[in-house]
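Encoded as C-alpha coordinates, the structure appears first; notes follow it.
The values are calculated or read from the model by the stated rules, or taken from the named source; none is laboratory data. All values reported here derive from a predicted model rather than from experimental measurement. Ideal geometry is used to build each Cβ from the backbone, glycine not excepted, and the neighbour counts take in all protein chains shown.
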Amino acid sequence: MVERRYELAFELYPYRQVPDQAAEAPVRHPVVIVGGGPVGLATALDLGRRGVPVVVLDDNEGAGLGSRAICFSKRTLEICDRLGAAEPMVGKGVVWNVGKVFHEDRLLYEFNLLPEGGHALPAFVNLQQPWFEKFLHDAIQKARSGGAQIEIRGRNRVDAVRPAADHVALEIATPDGPYKLEAEWLIACDGARSPLRGMLGLAFDGRVFEDNFLIADVKMTADFPTERWFWFEPHFKSGDSALLHKQPDGIWRIDFQLGWNIDRKAELEPARIRARVDAMLGPGVEYELDWCSIYTFQCRRMEHFRHGRVLFAGDAAHQVSPFGARGANSGMQDADNLGWKLALVLEGTAPDSLLDSYDAERVQGAEENILNSTRATDFITPKSPVSKLFRNAVLDLAGDLPFARVLVNSGRLSLPCIYDGSRLNGPDHPAMPARSRPGAVCPDAALSEGWLLRSLSDGFTLLTLDAEAPEEMEAHGVRMKRLALTAKGNEPLRERYLGGAAGAVYLIRPDQHVAARWDAFDGSAVRAAVARAIGKE
(Lines give C-alpha, C1' and ligand atoms only; values in the text may rest on other atoms or scores of the structure.)
Protein backbone atom coordinates (compact mmCIF):
# COMPACT_ATOMS: atom_id res chain seq x y z
CA MET A 1 0.00 0.00 0.00
CA VAL A 2 1.38 3.43 -0.95
CA GLU A 3 0.48 6.03 1.66
CA ARG A 4 0.06 9.76 1.05
CA ARG A 5 3.19 11.47 2.30
CA TYR A 6 1.78 14.93 2.73
CA GLU A 7 -1.44 16.86 2.47
CA LEU A 8 -2.17 18.09 -1.03
CA ALA A 9 -2.65 21.66 -2.10
CA PHE A 10 -3.88 20.45 -5.51
CA GLU A 11 -4.91 16.90 -6.39
CA LEU A 12 -3.65 16.85 -9.96
CA TYR A 13 -3.26 13.16 -10.84
CA PRO A 14 -5.34 10.93 -8.55
CA TYR A 15 -4.54 7.25 -8.56
CA ARG A 16 -6.27 5.07 -11.13
CA GLN A 17 -5.55 1.65 -12.53
CA VAL A 18 -3.77 1.44 -15.89
CA PRO A 19 -3.51 -1.48 -18.35
CA ASP A 20 0.20 -1.92 -17.57
CA GLN A 21 -0.78 -3.31 -14.15
CA ALA A 22 -2.59 -6.27 -15.73
CA ALA A 23 -0.09 -6.97 -18.52
CA GLU A 24 1.48 -10.45 -18.54
CA ALA A 25 4.92 -9.02 -19.34
CA PRO A 26 6.34 -5.61 -18.41
CA VAL A 27 5.31 -2.94 -20.93
CA ARG A 28 8.18 -0.89 -22.32
CA HIS A 29 7.85 2.89 -22.70
CA PRO A 30 10.22 5.23 -24.54
CA VAL A 31 10.64 7.55 -21.53
CA VAL A 32 9.67 7.17 -17.87
CA ILE A 33 10.12 10.12 -15.52
CA VAL A 34 10.14 9.55 -11.77
CA GLY A 35 8.92 12.61 -9.86
CA GLY A 36 6.02 14.95 -10.56
CA GLY A 37 7.57 18.17 -9.24
CA PRO A 38 8.44 21.18 -11.39
CA VAL A 39 11.37 19.54 -13.16
CA GLY A 40 9.60 16.25 -13.85
CA LEU A 41 6.49 17.98 -15.18
CA ALA A 42 8.48 20.41 -17.34
CA THR A 43 10.58 17.60 -18.81
CA ALA A 44 7.46 15.57 -19.57
CA LEU A 45 5.78 18.58 -21.16
CA ASP A 46 8.78 19.38 -23.33
CA LEU A 47 9.17 15.78 -24.53
CA GLY A 48 5.44 15.35 -25.11
CA ARG A 49 5.28 18.51 -27.22
CA ARG A 50 8.14 17.08 -29.29
CA GLY A 51 6.15 13.93 -30.03
CA VAL A 52 7.80 11.64 -27.47
CA PRO A 53 5.41 9.46 -25.39
CA VAL A 54 6.14 9.93 -21.68
CA VAL A 55 5.00 8.27 -18.46
CA VAL A 56 5.49 10.18 -15.19
CA LEU A 57 5.46 8.23 -11.91
CA ASP A 58 4.89 10.01 -8.61
CA ASP A 59 4.28 8.56 -5.15
CA ASN A 60 1.73 11.27 -4.35
CA GLU A 61 -1.26 12.62 -6.24
CA GLY A 62 -0.40 16.26 -6.83
CA ALA A 63 1.25 19.35 -5.41
CA GLY A 64 1.87 19.42 -1.66
CA LEU A 65 1.12 22.21 0.77
CA GLY A 66 3.72 24.82 1.67
CA SER A 67 5.44 27.47 -0.39
CA ARG A 68 8.81 25.74 -0.80
CA ALA A 69 10.31 27.27 -3.96
CA ILE A 70 8.81 30.71 -4.57
CA CYS A 71 11.26 32.73 -6.72
CA PHE A 72 11.15 31.86 -10.40
CA SER A 73 13.62 33.63 -12.64
CA LYS A 74 13.27 35.24 -16.03
CA ARG A 75 14.95 32.26 -17.70
CA THR A 76 12.56 29.83 -16.01
CA LEU A 77 9.64 31.96 -17.18
CA GLU A 78 11.05 31.96 -20.72
CA ILE A 79 11.25 28.16 -20.62
CA CYS A 80 7.68 27.97 -19.34
CA ASP A 81 6.61 30.46 -22.00
CA ARG A 82 7.94 28.14 -24.71
CA LEU A 83 6.03 25.29 -23.04
CA GLY A 84 2.78 27.25 -22.90
CA ALA A 85 2.65 27.73 -19.12
CA ALA A 86 4.10 31.18 -18.37
CA GLU A 87 1.05 33.39 -18.87
CA PRO A 88 -0.91 32.14 -15.83
CA MET A 89 2.30 32.08 -13.76
CA VAL A 90 2.95 35.76 -14.41
CA GLY A 91 -0.74 36.54 -13.96
CA LYS A 92 -0.95 34.82 -10.58
CA GLY A 93 2.54 35.60 -9.35
CA VAL A 94 4.05 38.71 -7.83
CA VAL A 95 6.33 40.37 -10.39
CA TRP A 96 9.48 42.07 -9.10
CA ASN A 97 12.77 43.44 -10.39
CA VAL A 98 14.05 45.52 -7.43
CA GLY A 99 15.78 44.40 -4.24
CA LYS A 100 17.11 46.25 -1.18
CA VAL A 101 19.92 45.34 1.20
CA PHE A 102 20.03 46.55 4.82
CA HIS A 103 22.57 46.34 7.63
CA GLU A 104 20.85 46.62 10.98
CA ASP A 105 18.38 49.50 10.34
CA ARG A 106 20.40 51.16 7.56
CA LEU A 107 19.52 50.82 3.86
CA LEU A 108 22.84 50.12 2.14
CA TYR A 109 21.67 50.13 -1.47
CA GLU A 110 19.05 48.83 -3.87
CA PHE A 111 19.43 47.01 -7.17
CA ASN A 112 17.37 46.42 -10.30
CA LEU A 113 17.74 42.98 -11.88
CA LEU A 114 16.27 44.08 -15.21
CA PRO A 115 17.07 47.75 -15.77
CA GLU A 116 16.87 47.57 -19.58
CA GLY A 117 13.67 47.41 -21.59
CA GLY A 118 12.73 45.15 -24.47
CA HIS A 119 11.97 41.94 -22.57
CA ALA A 120 8.63 40.13 -22.60
CA LEU A 121 9.07 38.72 -19.10
CA PRO A 122 10.23 40.18 -15.75
CA ALA A 123 13.39 39.40 -13.81
CA PHE A 124 11.49 37.32 -11.24
CA VAL A 125 8.03 36.18 -10.30
CA ASN A 126 7.21 35.06 -6.77
CA LEU A 127 4.78 32.17 -6.92
CA GLN A 128 4.26 29.34 -4.46
CA GLN A 129 5.52 26.02 -5.84
CA PRO A 130 2.10 24.30 -5.72
CA TRP A 131 0.75 26.92 -8.12
CA PHE A 132 3.80 26.58 -10.36
CA GLU A 133 3.21 22.84 -10.56
CA LYS A 134 -0.50 23.32 -11.19
CA PHE A 135 0.13 25.63 -14.13
CA LEU A 136 2.61 23.15 -15.63
CA HIS A 137 0.00 20.42 -15.17
CA ASP A 138 -2.62 22.62 -16.86
CA ALA A 139 -0.26 23.05 -19.82
CA ILE A 140 0.21 19.27 -19.94
CA GLN A 141 -3.55 18.81 -20.10
CA LYS A 142 -3.73 21.29 -22.95
CA ALA A 143 -0.87 19.55 -24.77
CA ARG A 144 -2.63 16.21 -24.33
CA SER A 145 -5.77 17.61 -25.94
CA GLY A 146 -3.54 18.51 -28.89
CA GLY A 147 -2.22 14.96 -29.18
CA ALA A 148 0.79 14.87 -26.85
CA GLN A 149 1.16 11.47 -25.16
CA ILE A 150 1.89 12.41 -21.56
CA GLU A 151 0.58 10.13 -18.80
CA ILE A 152 0.97 10.93 -15.10
CA ARG A 153 0.42 8.11 -12.63
CA GLY A 154 -0.20 9.17 -9.05
CA ARG A 155 0.57 6.90 -6.07
CA ASN A 156 2.99 4.90 -8.20
CA ARG A 157 6.12 4.48 -6.09
CA VAL A 158 9.31 3.05 -7.60
CA ASP A 159 10.62 0.32 -5.31
CA ALA A 160 13.38 -1.14 -7.48
CA VAL A 161 15.34 -0.21 -10.58
CA ARG A 162 17.60 -2.42 -12.69
CA PRO A 163 19.48 -0.88 -15.64
CA ALA A 164 20.17 -3.06 -18.69
CA ALA A 165 21.93 -2.45 -21.99
CA ASP A 166 18.86 -1.28 -23.91
CA HIS A 167 16.34 -0.41 -21.17
CA VAL A 168 15.75 0.13 -17.46
CA ALA A 169 13.46 -2.24 -15.53
CA LEU A 170 11.27 -0.82 -12.76
CA GLU A 171 9.17 -2.32 -9.98
CA ILE A 172 6.25 -0.13 -8.98
CA ALA A 173 4.08 -0.20 -5.83
CA THR A 174 0.47 0.98 -6.01
CA PRO A 175 -2.64 0.75 -3.79
CA ASP A 176 -3.64 -2.29 -5.88
CA GLY A 177 -0.33 -4.05 -5.54
CA PRO A 178 2.97 -4.10 -7.43
CA TYR A 179 3.62 -4.25 -11.13
CA LYS A 180 6.61 -3.97 -13.45
CA LEU A 181 7.41 -1.82 -16.44
CA GLU A 182 10.40 -0.94 -18.58
CA ALA A 183 11.79 2.31 -19.94
CA GLU A 184 14.10 2.86 -22.86
CA TRP A 185 15.23 5.95 -20.94
CA LEU A 186 14.63 6.76 -17.29
CA ILE A 187 14.79 10.35 -15.97
CA ALA A 188 15.15 10.73 -12.20
CA CYS A 189 13.48 13.92 -10.95
CA ASP A 190 12.71 12.52 -7.50
CA GLY A 191 14.23 15.22 -5.33
CA ALA A 192 17.21 15.82 -3.09
CA ARG A 193 16.74 12.54 -1.22
CA SER A 194 16.32 10.70 -4.56
CA PRO A 195 15.37 7.08 -3.83
CA LEU A 196 16.52 6.20 -7.36
CA ARG A 197 19.98 7.57 -6.68
CA GLY A 198 20.11 5.44 -3.55
CA MET A 199 18.91 2.32 -5.36
CA LEU A 200 21.71 2.72 -7.89
CA GLY A 201 24.29 3.31 -5.15
CA LEU A 202 25.41 6.65 -6.58
CA ALA A 203 27.23 9.27 -4.52
CA PHE A 204 26.00 12.78 -3.77
CA ASP A 205 29.02 14.74 -2.60
CA GLY A 206 29.61 18.28 -1.40
CA ARG A 207 29.32 20.53 1.59
CA VAL A 208 26.73 20.41 4.38
CA PHE A 209 25.98 23.65 6.28
CA GLU A 210 24.98 23.61 9.94
CA ASP A 211 23.11 26.91 10.12
CA ASN A 212 19.38 26.67 10.70
CA PHE A 213 16.81 28.93 9.05
CA LEU A 214 13.16 29.43 9.91
CA ILE A 215 10.64 29.95 7.13
CA ALA A 216 7.46 31.71 8.21
CA ASP A 217 4.81 32.31 5.57
CA VAL A 218 2.42 34.86 7.05
CA LYS A 219 -0.86 36.13 5.65
CA MET A 220 -1.33 39.86 6.14
CA THR A 221 -2.18 43.15 4.54
CA ALA A 222 1.01 45.19 4.56
CA ASP A 223 2.41 48.35 3.00
CA PHE A 224 5.77 46.81 2.09
CA PRO A 225 6.60 47.29 -1.60
CA THR A 226 6.91 44.37 -4.01
CA GLU A 227 10.66 44.01 -3.56
CA ARG A 228 13.19 41.60 -2.12
CA TRP A 229 14.41 42.93 1.24
CA PHE A 230 17.43 41.37 2.95
CA TRP A 231 18.87 42.35 6.36
CA PHE A 232 22.31 41.57 7.73
CA GLU A 233 22.20 41.64 11.56
CA PRO A 234 18.66 43.07 11.56
CA HIS A 235 17.82 45.73 14.11
CA PHE A 236 14.71 43.80 15.18
CA LYS A 237 16.98 41.08 16.65
CA SER A 238 14.98 38.15 15.29
CA GLY A 239 18.01 36.34 13.90
CA ASP A 240 21.44 36.88 12.38
CA SER A 241 19.88 37.69 9.00
CA ALA A 242 16.38 38.01 7.61
CA LEU A 243 14.65 38.03 4.24
CA LEU A 244 11.22 39.34 3.23
CA HIS A 245 9.39 38.46 0.01
CA LYS A 246 5.83 39.05 -1.12
CA GLN A 247 3.81 36.16 -2.55
CA PRO A 248 0.34 35.98 -4.10
CA ASP A 249 -2.86 35.97 -2.05
CA GLY A 250 -1.53 38.24 0.70
CA ILE A 251 1.19 35.79 1.79
CA TRP A 252 4.63 37.06 2.77
CA ARG A 253 7.67 34.78 3.01
CA ILE A 254 9.96 35.62 5.93
CA ASP A 255 13.27 33.81 6.51
CA PHE A 256 15.11 34.11 9.83
CA GLN A 257 18.65 32.85 10.36
CA LEU A 258 18.67 30.99 13.69
CA GLY A 259 22.28 29.81 13.92
CA TRP A 260 23.70 26.45 15.05
CA ASN A 261 22.69 24.03 17.80
CA ILE A 262 19.10 25.15 18.15
CA ASP A 263 16.14 23.40 19.76
CA ARG A 264 14.08 22.84 16.63
CA LYS A 265 10.94 21.85 18.49
CA ALA A 266 11.08 24.99 20.63
CA GLU A 267 11.76 27.25 17.66
CA LEU A 268 8.67 25.91 15.89
CA GLU A 269 6.38 26.79 18.78
CA PRO A 270 3.85 29.34 17.45
CA ALA A 271 4.55 31.73 20.32
CA ARG A 272 8.29 31.73 19.53
CA ILE A 273 7.64 32.27 15.83
CA ARG A 274 5.18 35.08 16.56
CA ALA A 275 7.71 36.81 18.78
CA ARG A 276 10.18 36.92 15.90
CA VAL A 277 7.58 38.09 13.39
CA ASP A 278 6.23 40.73 15.81
CA ALA A 279 9.71 42.15 16.33
CA MET A 280 10.21 42.38 12.58
CA LEU A 281 6.85 43.86 11.60
CA GLY A 282 6.39 46.13 14.58
CA PRO A 283 3.39 46.60 16.90
CA GLY A 284 -0.19 46.45 15.74
CA VAL A 285 0.32 44.46 12.53
CA GLU A 286 -2.28 41.72 12.23
CA TYR A 287 -1.31 38.50 10.49
CA GLU A 288 -1.86 34.76 10.45
CA LEU A 289 0.82 32.08 10.35
CA ASP A 290 0.18 30.16 7.14
CA TRP A 291 3.09 27.72 6.97
CA CYS A 292 6.32 27.35 8.97
CA SER A 293 9.38 25.15 8.70
CA ILE A 294 13.02 24.99 9.78
CA TYR A 295 15.61 24.01 7.21
CA THR A 296 19.30 23.45 6.86
CA PHE A 297 20.89 23.06 3.45
CA GLN A 298 23.66 21.51 1.46
CA CYS A 299 25.66 22.33 -1.65
CA ARG A 300 26.16 18.97 -3.28
CA ARG A 301 25.95 17.26 -6.64
CA MET A 302 26.44 13.93 -8.35
CA GLU A 303 29.70 13.52 -10.21
CA HIS A 304 27.78 12.77 -13.41
CA PHE A 305 24.12 13.26 -14.32
CA ARG A 306 24.06 10.48 -16.93
CA HIS A 307 24.45 6.85 -15.93
CA GLY A 308 23.81 4.77 -19.03
CA ARG A 309 20.09 5.00 -19.73
CA VAL A 310 19.35 6.76 -16.43
CA LEU A 311 19.50 10.57 -16.43
CA PHE A 312 19.28 12.69 -13.29
CA ALA A 313 17.81 16.21 -13.18
CA GLY A 314 16.88 18.85 -10.63
CA ASP A 315 17.48 18.29 -6.93
CA ALA A 316 18.09 14.60 -7.59
CA ALA A 317 21.27 15.63 -9.42
CA HIS A 318 22.34 18.73 -7.49
CA GLN A 319 21.40 20.73 -4.44
CA VAL A 320 22.24 24.30 -3.41
CA SER A 321 21.37 26.71 -0.62
CA PRO A 322 18.24 28.81 -1.14
CA PHE A 323 20.23 32.05 -1.36
CA GLY A 324 19.95 33.18 -4.97
CA ALA A 325 16.89 31.10 -5.92
CA ARG A 326 19.04 28.58 -7.77
CA GLY A 327 17.35 25.30 -6.87
CA ALA A 328 14.16 25.07 -8.92
CA ASN A 329 15.51 27.50 -11.52
CA SER A 330 18.59 25.40 -12.25
CA GLY A 331 16.38 22.30 -12.37
CA MET A 332 14.21 23.94 -15.02
CA GLN A 333 17.35 24.59 -17.04
CA ASP A 334 18.15 20.86 -16.75
CA ALA A 335 14.75 20.08 -18.27
CA ASP A 336 15.32 22.66 -21.01
CA ASN A 337 18.70 21.17 -21.89
CA LEU A 338 17.62 17.54 -21.80
CA GLY A 339 14.30 17.54 -23.65
CA TRP A 340 15.42 18.35 -27.20
CA LYS A 341 18.51 16.17 -26.97
CA LEU A 342 16.63 13.07 -25.83
CA ALA A 343 13.95 13.68 -28.48
CA LEU A 344 16.60 13.77 -31.23
CA VAL A 345 18.17 10.57 -29.91
CA LEU A 346 14.82 8.76 -29.78
CA GLU A 347 13.93 9.75 -33.34
CA GLY A 348 17.33 8.57 -34.55
CA THR A 349 18.54 11.99 -35.72
CA ALA A 350 21.33 12.17 -33.12
CA PRO A 351 23.55 9.53 -31.53
CA ASP A 352 22.98 8.78 -27.87
CA SER A 353 26.39 10.33 -27.17
CA LEU A 354 24.56 13.67 -27.50
CA LEU A 355 23.24 12.95 -24.00
CA ASP A 356 26.81 13.13 -22.71
CA SER A 357 26.61 16.84 -23.53
CA TYR A 358 23.60 17.09 -21.20
CA ASP A 359 25.85 15.76 -18.46
CA ALA A 360 28.73 18.09 -19.36
CA GLU A 361 26.68 21.27 -19.75
CA ARG A 362 24.47 20.81 -16.73
CA VAL A 363 27.35 19.72 -14.50
CA GLN A 364 28.94 23.02 -15.55
CA GLY A 365 25.71 24.79 -14.58
CA ALA A 366 25.58 22.97 -11.24
CA GLU A 367 29.19 23.84 -10.46
CA GLU A 368 28.51 27.50 -11.20
CA ASN A 369 25.43 27.49 -8.97
CA ILE A 370 27.20 25.68 -6.14
CA LEU A 371 30.09 28.16 -6.29
CA ASN A 372 27.75 31.15 -6.13
CA SER A 373 25.56 29.55 -3.48
CA THR A 374 28.52 28.63 -1.28
CA ARG A 375 29.98 32.13 -1.52
CA ALA A 376 26.63 33.63 -0.56
CA THR A 377 26.28 31.30 2.40
CA ASP A 378 29.77 32.06 3.65
CA PHE A 379 29.12 35.80 3.41
CA ILE A 380 25.75 35.62 5.13
CA THR A 381 26.97 33.23 7.84
CA PRO A 382 30.64 34.01 8.60
CA LYS A 383 32.41 31.01 10.12
CA SER A 384 35.00 32.89 12.22
CA PRO A 385 35.38 36.23 14.02
CA VAL A 386 37.85 37.38 11.35
CA SER A 387 35.51 36.60 8.46
CA LYS A 388 32.66 38.35 10.27
CA LEU A 389 34.88 41.41 10.83
CA PHE A 390 35.68 41.49 7.11
CA ARG A 391 32.02 41.01 6.17
CA ASN A 392 30.86 43.88 8.38
CA ALA A 393 33.63 46.16 7.08
CA VAL A 394 32.35 45.52 3.56
CA LEU A 395 28.80 46.31 4.69
CA ASP A 396 29.93 49.56 6.31
CA LEU A 397 31.61 50.67 3.07
CA ALA A 398 28.75 49.55 0.80
CA GLY A 399 26.35 52.17 2.10
CA ASP A 400 28.46 55.00 0.66
CA LEU A 401 30.89 53.49 -1.84
CA PRO A 402 29.51 51.69 -4.92
CA PHE A 403 32.70 49.66 -5.47
CA ALA A 404 32.07 47.81 -2.19
CA ARG A 405 28.57 46.77 -3.20
CA VAL A 406 29.86 44.16 -5.64
CA LEU A 407 31.48 42.45 -2.64
CA VAL A 408 28.18 42.19 -0.74
CA ASN A 409 26.58 38.80 -1.24
CA SER A 410 23.07 38.34 0.08
CA GLY A 411 22.41 35.65 -2.50
CA ARG A 412 23.33 36.65 -6.05
CA LEU A 413 20.21 35.77 -7.93
CA SER A 414 19.91 33.00 -10.48
CA LEU A 415 21.15 33.60 -14.02
CA PRO A 416 21.26 31.02 -16.82
CA CYS A 417 24.56 29.24 -17.32
CA ILE A 418 26.55 30.18 -20.42
CA TYR A 419 28.00 26.97 -21.82
CA ASP A 420 31.41 28.38 -22.63
CA GLY A 421 33.65 25.60 -23.88
CA SER A 422 30.81 23.21 -24.73
CA ARG A 423 31.72 20.76 -27.46
CA LEU A 424 28.40 21.64 -29.10
CA ASN A 425 29.47 25.25 -29.72
CA GLY A 426 30.36 26.28 -33.26
CA PRO A 427 32.11 29.35 -34.67
CA ASP A 428 31.95 32.76 -33.02
CA HIS A 429 32.38 36.24 -34.51
CA PRO A 430 34.60 38.70 -32.62
CA ALA A 431 32.67 41.84 -33.62
CA MET A 432 29.40 40.61 -32.12
CA PRO A 433 28.31 41.15 -28.49
CA ALA A 434 29.68 38.79 -25.85
CA ARG A 435 26.26 38.40 -24.22
CA SER A 436 24.96 36.47 -27.25
CA ARG A 437 28.07 34.35 -27.90
CA PRO A 438 27.85 30.58 -28.57
CA GLY A 439 26.70 28.82 -25.42
CA ALA A 440 24.65 31.79 -24.18
CA VAL A 441 20.89 32.04 -23.98
CA CYS A 442 19.47 34.36 -26.63
CA PRO A 443 18.59 37.69 -25.02
CA ASP A 444 15.02 38.69 -25.71
CA ALA A 445 14.13 41.82 -27.68
CA ALA A 446 10.95 43.58 -28.74
CA LEU A 447 10.13 43.25 -32.45
CA SER A 448 7.74 45.27 -34.58
CA GLU A 449 5.27 42.50 -33.84
CA GLY A 450 5.84 40.39 -30.74
CA TRP A 451 9.07 39.26 -29.12
CA LEU A 452 12.21 37.58 -30.37
CA LEU A 453 12.17 34.53 -28.10
CA ARG A 454 8.51 33.84 -28.87
CA SER A 455 9.36 33.95 -32.59
CA LEU A 456 11.93 31.13 -32.36
CA SER A 457 10.83 27.62 -33.25
CA ASP A 458 10.93 24.62 -30.91
CA GLY A 459 13.63 23.20 -33.18
CA PHE A 460 16.78 24.75 -34.60
CA THR A 461 16.37 28.27 -35.98
CA LEU A 462 18.46 30.34 -38.38
CA LEU A 463 18.21 33.89 -37.07
CA THR A 464 19.36 36.50 -39.56
CA LEU A 465 19.81 40.22 -38.93
CA ASP A 466 20.30 42.27 -42.06
CA ALA A 467 21.68 39.18 -43.81
CA GLU A 468 20.44 36.73 -46.42
CA ALA A 469 19.79 33.02 -45.93
CA PRO A 470 17.38 30.34 -47.23
CA GLU A 471 13.90 30.41 -45.70
CA GLU A 472 14.26 26.71 -44.82
CA MET A 473 17.23 24.39 -44.65
CA GLU A 474 17.92 20.77 -43.74
CA ALA A 475 21.19 19.39 -42.45
CA HIS A 476 21.92 15.97 -40.94
CA GLY A 477 18.21 15.26 -40.50
CA VAL A 478 17.57 18.58 -38.76
CA ARG A 479 15.10 20.99 -40.37
CA MET A 480 15.66 24.69 -39.72
CA LYS A 481 13.40 27.65 -40.32
CA ARG A 482 14.73 31.16 -40.85
CA LEU A 483 13.69 34.10 -38.65
CA ALA A 484 14.59 37.17 -40.69
CA LEU A 485 14.94 40.44 -38.79
CA THR A 486 16.43 43.86 -39.31
CA ALA A 487 18.20 45.89 -36.66
CA LYS A 488 17.46 49.13 -38.47
CA GLY A 489 15.44 51.28 -36.10
CA ASN A 490 15.75 48.67 -33.31
CA GLU A 491 18.71 49.69 -31.16
CA PRO A 492 18.21 46.96 -28.48
CA LEU A 493 18.32 44.31 -31.21
CA ARG A 494 21.48 45.84 -32.62
CA GLU A 495 23.10 46.12 -29.20
CA ARG A 496 22.22 42.55 -28.21
CA TYR A 497 23.04 40.75 -31.48
CA LEU A 498 24.99 42.82 -34.02
CA GLY A 499 27.52 44.90 -32.12
CA GLY A 500 30.10 46.05 -34.65
CA ALA A 501 29.01 43.66 -37.41
CA ALA A 502 27.00 44.86 -40.43
CA GLY A 503 24.94 41.67 -40.51
CA ALA A 504 24.59 38.45 -38.56
CA VAL A 505 23.49 34.83 -38.97
CA TYR A 506 22.84 32.89 -35.77
CA LEU A 507 22.24 29.16 -35.41
CA ILE A 508 19.92 28.82 -32.39
CA ARG A 509 19.47 25.52 -30.55
CA PRO A 510 16.01 24.26 -29.57
CA ASP A 511 16.65 25.39 -25.97
CA GLN A 512 17.26 28.96 -27.23
CA HIS A 513 21.00 28.83 -26.59
CA VAL A 514 23.26 30.11 -29.37
CA ALA A 515 25.07 27.30 -31.21
CA ALA A 516 27.13 29.41 -33.65
CA ARG A 517 27.17 32.76 -35.44
CA TRP A 518 28.62 34.37 -38.56
CA ASP A 519 28.47 37.75 -40.29
CA ALA A 520 27.07 36.17 -43.48
CA PHE A 521 25.37 32.93 -44.49
CA ASP A 522 27.60 30.01 -45.50
CA GLY A 523 25.70 26.79 -46.12
CA SER A 524 28.63 24.44 -45.52
CA ALA A 525 29.53 26.26 -42.29
CA VAL A 526 25.94 26.01 -41.04
CA ARG A 527 25.78 22.30 -41.87
CA ALA A 528 29.04 21.72 -39.99
CA ALA A 529 27.72 23.66 -36.98
CA VAL A 530 24.49 21.61 -36.98
CA ALA A 531 26.52 18.40 -37.02
CA ARG A 532 28.52 19.66 -34.07
CA ALA A 533 25.40 20.77 -32.17
CA ILE A 534 23.76 17.33 -32.43
CA GLY A 535 26.90 15.34 -31.65
CA LYS A 536 27.60 14.08 -35.18
CA GLU A 537 30.93 15.84 -35.72
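Annotations
- Checking the range 304-313 against the condition returns a match, with at least one residue being under 22 Å from residue 127 (Cβ atoms) and buried (at least 22 other Cβ atoms within 10 Å of the Cβ).
- One residue from 37, 62, 48 being over 19 Å from residue 453 (Cβ atoms), among the small types (Gly, Ala, Ser) and under 17 Å from the mean Cα position of the chain (by Cα): 37
- Number of residues in the range 392-408 that are assigned to a loop (DSSP other than H, G, I, E, B) and either free of Cβ contacts under 8 Å to residues at least 40 places away in the same chain or small (Gly, Ala, Ser) (or both) equals 5.
- So residue 242, is it outside any strand (DSSP E or B), closer than 21 Å to residue 376 by Cα and within 25 Å of the chain's Cα centre (by Cα): no
A quick yes/no check of all residues on (1) in contact (Cβ under 8 Å) with a residue 60 or more places away in the chain; (2) surrounded by 21 or more Cβ atoms within 10 Å (Cβ to Cβ); (3) in contact with a helix residue (DSSP H, G or I) (Cβ under 6 Å, 6 or more places away or on another chain); (4) among the hydrophobic types (A, V, I, L, M, F, W, C):
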| site | (1), (2), (3), (4) |
| --- | --- |
| 477 | yes, no, no, no |
| 481 | no, no, no, no |
| 489 | no, no, no, no |
| 492 | yes, no, no, no |
| 503 | no, no, no, no |
| 508 | yes, yes, no, yes |
| 513 | yes, yes, no, no |
| 520 | no, no, no, yes |
| 523 | no, no, no, no |
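- Unique match (being in contact (Cβ under 8 Å) with a residue 12 or more places away in the chain, part of a helix (DSSP H, G or I), small (Gly, Ala, Ser) and crowded, with 24+ Cβ neighbours inside 10 Å) among 321, 330, 357: 330
- Filter result (surrounded by 18 or more Cβ atoms within 10 Å (Cβ to Cβ), of a type in the set (A, V, I, L, M, F, W, C) and farther than 15 Å from residue 512 by Cβ) within the range 429-446: 432
- For the range 53-83, a residue qualifies if it is assigned to a loop (DSSP other than H, G, I, E, B) and under 18 Å from residue 332 (Cβ atoms), and the qualifying residues are 58, 67, 68, 69, 70, 83.
- Scanning the range 256-283 for residues that are surrounded by fewer than 19 Cβ atoms within 10 Å (Cβ to Cβ) and either of a type in the set (Phe, Trp, Tyr) or within 18 Å of residue 324 (Cβ to Cβ) (or both) gives a single hit, 260.
- One residue stands out among those in the range 23-48 that are closer than 16 Å to residue 171 by Cβ and touching a residue at least 24 places away in the same chain (Cβ under 8 Å): the one that is surrounded by the fewest Cβ atoms within 10 Å (Cβ to Cβ), which is 23.
- The strands (runs of 3 or more DSSP E) located wholly in the range 113-174 that include 1 or more residues which are modelled with pLDDT of 95 or more and under 28 Å from residue 197 (Cα atoms) occupy 150-153, 157-163, 168-173.
- Residue check for residue 93: over 23 Å from residue 153 (Cα atoms), touching a Ser or Thr at 6+ places or on another chain (Cβ under 9 Å) and not β-branched (Val, Ile, Thr): no
- Scanning the range 181-223 for residues that are among the acidic types (Asp, Glu) and within 30 Å of residue 251 (Cα to Cα) yields a total of 5.
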